[in-house]
Amino acid sequence: MNDSGPITYFDESFSLAKRAASGPFRLHSADSMWKRVEPLMPQAEITRVADITGLDRIGIPIWTAIRPNSYSLATSQGKGVTHEEARLGAVME
């Protein structure tokens, strides 16, 4: 990346420099969040959550949340580094 310095937008200066941090930006673990989210699934009309990782050859954990009574998109997919993160991502989607 060619860092040409800050840019100005509406009299406010922004830096283009990339910054990296170590570790995920999470306040709670996927397991603790699942315990908070799982009881809310009926309210969101999510009837089931399924592991669909085996449907491809890459091996990235992918889960789907199914909402059969929804008006439009009936499934949401979650991807993650772990199965717990992917499952949570599908439900939170």
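Return the residues of segment 13-29 that are of a type in the set (A, V, I, L, M) and either modelled with pLDDT of 95 or more or open to solvent by 70 Å² or more (accessible area, probe 1.4 Å) (or both); say none if nothing qualifies.
Selection gives Ala20, Leu27.
Given the criteria under 21 Å from His28 (Cα atoms), in a strand (DSSP E or B) and in contact with a Phe, Trp or Tyr (Cβ under 8 Å, 6 or more places away or on another chain), does Gly78 qualify?
Spelling it out, Gly78 is indeed under 21 Å from His28 (Cα atoms), in a strand (DSSP E or B) and in contact with a Phe, Trp or Tyr (Cβ under 8 Å, 6 or more places away or on another chain).
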Here the residues within segment 58-78 that are touching a helix residue (DSSP H, G or I) at 6+ places or on another chain (Cβ under 8 Å) and either loosely packed, with under 14 Cβ neighbours inside 10 Å or aliphatic (A, V, I, L, M) (or both) are Gly59, Ile60, Ile62, Ala65, Gln77
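Would you point out the residue of segment 39-63, among those that are charged (D, E, K, R) and touching a strand residue (DSSP E or B) at 6+ places or on another chain (Cβ under 9 Å), that is modelled with the lowest pLDDT?
Asp56
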Sort out which residues of segment 30-57 are exposed (fewer than 11 other Cβ atoms within 10 Å of the Cβ) and assigned to a loop (DSSP other than H, G, I, E, B), and write them in order of number. Pro42, Gln43, Asp56, Arg57
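The values are calculated or read from the model by the stated rules, or taken from the named source; none is laboratory data. Since the structure is predicted, the reported quantities are computational estimates derived from the model, not experimental observations. We place every Cβ from the backbone using ideal geometry, glycine too, and count neighbours over all the protein chains shown. Heavy atoms of the whole protein, side chains included, go into the accessibility calculation; ligands, DNA and RNA do not. Shrake-Rupley method; radii C 1.70, N 1.55, O 1.52, S 1.80 Å.
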